[in-house]
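The values are calculated or read from the model by the stated rules, or taken from the named source; none is laboratory data. All values derive from a computational prediction rather than experimental measurement. Here the Cβ positions follow ideal geometry from the backbone for every residue, glycine too, while neighbour counts run over all protein chains shown.
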Amino acid sequence: MTRTGAAGSYGELLDLARGHAVEWLTGMPERPIPAGATIAEVHDALGRALPDGPQDPREVVARLVEAVEPALLASQSPRFFGWVIGGTYPVSLAADWLVGAWDQNAAMRTTMPGTAAVEELAATWLLDALGLPAGAAVGFVTGATMANFVGLGAGRDRLLARAGWDAARLGLSGGPRVRWIAGAERHASVDIAARYLGLGEAELVGADDQGRIDVAALAGALDESPTIVCLQAGNLHSGGFDDMAAAITLAHEAGAWVHVDGAFGLWAAASPTLARLTWGYALADSWATDAHKTLNTPYDCGLAIVADPAAARASFGASASYLPAAESGRDPHEYVPEMSRRARGVPVWAVLATLGRSGLAALVDGLHDAAVALATQLGALPGVEVLNDVVYTQVCIALADDDATTALAARIRDDGVAYAFASRWRGRAVVRFSVSNWATDEGAVDATVDAVRRALP
Ligand SMILES: *Cc1c(COP(=O)(O)O)cnc(C)c1O
């Protein structure tokens, strides 16, 4: 066999993969949602030993599908509410396949202009649709965790620079301390991002009954020292939004950098009926969101947005003699932690190009409508209490007794038709429903309510 002989043909292998993919996707609405096989079973089915020599790649694809599919979680089901993770639009998946086939390194715009051009349009359209400053830097990162990292990192370095400390040159030790303040119900990913950045633990201020930051307490915590304030657009349990206008004004008066974690909540700004939730948020300094959640693109696609591109570039920009720097200051790698990466902005463009402004609003409104319908019908079931104000896409329910609530989540899952997770919120066991999938329609809501009814004690 020649060196390349075992590689197989693109056409044949992609046709094989396409057949299996379409089968997986079209079977989704009927499929039981929980994974039906274990890791050990998948290891056995794949074969545990590294093969001694080349294998037929057609057989490798076939084995992969056969071994793995039984162990997949049907998280693209319209009745999957386990996390805010969404599904994939057909067009975003199609675009993603092309991204894989094109295999461009999206780090540099002059040498690979095709995908860079698509991502630039996607970025411009996003800022427009979300009502964010047109000149902001948009970085395509793996997810909101890294988008939080970018926002907090740009803020850290800008605040240190203002205090006369060049972190890029001097590092952090010996420099002024940067405080960071967040609400008690911030998402864990901002803590991780802060840890990567050497910022340590957050100074927490309280949250109200919907998990929103207590603005008066925030006011009391602020002083003139270098400070990052991290706000939240979309609480995981309630869907609640911090009072952006009030919190940002206060924080800016104290000279703080304001970052908004809006992994799924930022998209409310694209809906004329829900945009009031984000009112004032465009005044922040940085924002994090996910296309792989609300926008229903495949993983992995987060968006790191920084109002002043120079701040993002000061923290993440790099140059090297072998990189073509023809248009320095505008290469995509200068706004994100990664250098080489896939052109993950292309599926974002494809969804926006397909939906248009009104379609994007309808997507977000549809998720909210489904959450309201779910809350209304679940709340009418005997013994079920809806604990949150359903302002967005999240619904938290509970039974009178914590153990019964936890058992309810397990029974819903075992039933296979719908999927939601047990959690704890405000001192109580809850079952949390996150409506994030474009395909969740009235039928899916009705079937989910039936499933919960069946699972009641
Ligand atoms: C999902 C989520 C994150 C983390 O996003 P990843 O894409 O998993 O990195 C951060 N904040 C909130 C509010 C989230 O819902």
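Here are some notes:
- Neighbours by Cβ (under 7 Å, 6+ apart or cross-chain): first from the range 248-259, within 10 Å of L231 (Cα to Cα); second in a loop (DSSP other than H, G, I, E, B): I248/G280; I248/A284; V258/A284; V258/D285; H259/A284; H259/D285
- Any hit, the range 249-261, residues being surrounded by 21 or more Cβ atoms within 10 Å (Cβ to Cβ), within 15 Å of the ligand (Cβ to nearest atom), in a loop (DSSP other than H, G, I, E, B) and under 21 Å from the mean Cα position of the chain (by Cα): no
- Within the option set R424, R454, R432, R413, being at pLDDT 95 or above and assigned to a helix (DSSP H, G or I) holds for one residue only, R454.
- Restricting the range 315-339 to residues that are closer than 15 Å to A154 by Cα and of a type in the set (A, V, I, L, M), the residue that is modelled with the lowest pLDDT: A318
- Pairing residues of the range 292-313 that are assigned to a helix (DSSP H, G or I) with residues that are within 12 Å of the ligand (Cβ to nearest atom) and β-branched (V, I, T), at Cβ distances under 7 Å and at least 6 apart in sequence or on separate chains, gives A312/V150.
- Within the range 181-202, being among the β-branched types (V, I, T) and part of a helix (DSSP H, G or I) holds for V190, I192.
- Residue within the range 378-391 that is under 25 Å from S189 (Cβ atoms), touching a residue at least 12 places away in the same chain (Cβ under 8 Å) and within 16 Å of the ligand (Cβ to nearest atom) present: yes
- Exclusive hit being surrounded by 21 or more Cβ atoms within 10 Å (Cβ to Cβ), in a helix (DSSP H, G or I), modelled with pLDDT of 95 or more and within 28 Å of the chain's Cα centre (by Cα), set T376, T405: T405
- Any hit, the range 122-135, residues being of a type in the set (F, W, Y) and over 30 Å from G239 (Cβ atoms): no
- Counting the residues of the range 279-316 that are more than 16 Å from the chain's Cα centre (by Cα) and of a type outside the set (S, T, Y) gives 16.
- Tabulated pairs, the range 213-242, first under 12 Å from W180 (Cβ atoms) and away from the ligand (no atom under 11 Å from the Cβ), second part of a helix (DSSP H, G or I) and polar (S, T, N, Q), C-beta under 9 angstrom, 6+ apart or interchain: none
- The listed residue being of a type outside the set (A, V, I, L, M, F, W, C), farther than 28 Å from A371 by Cα and within 16 Å of the ligand (Cβ to nearest atom), out of R330, R313, R342: R342
- Index of the failed condition, A123 passing every other in (1) buried (at least 20 other Cβ atoms within 10 Å of the Cβ); (2) part of a helix (DSSP H, G or I); (3) within 16 Å of the ligand (Cβ to nearest atom): (3)
- Residue within the range 40-55 that is touching a residue at least 60 places away in the same chain (Cβ under 8 Å), surrounded by 15 or more Cβ atoms within 10 Å (Cβ to Cβ) and farther than 21 Å from A420 by Cα present: no
- With respect to being within 14 Å of the ligand (Cβ to nearest atom), touching a strand residue (DSSP E or B) at 6+ places or on another chain (Cβ under 8 Å) and not acidic (D, E), T278 fits the description.
- Scanning the range 408-435 for residues that are buried (at least 24 other Cβ atoms within 10 Å of the Cβ) and either within 17 Å of E185 (Cβ to Cβ) or of a type in the set (K, R) (or both) gives V430, R432, S434.
- Entry remark, the range 3-34: residues being in contact (Cβ under 8 Å) with a residue 24 or more places away in the chain and of a type in the set (D, E) number 1 in total.
- Of all residues in the range 128-180 being closer than 15 Å to A291 by Cα and assigned to a strand (DSSP E or B), the one that is farthest from the ligand (Cβ to nearest atom): V138
- Within the range 97-115, restricting attention to residues that are farther than 25 Å from G359 by Cβ and of a type in the set (A, V, I, L, M, F, W, C), the residue that is nearest to the ligand (Cβ to nearest atom) is A106.
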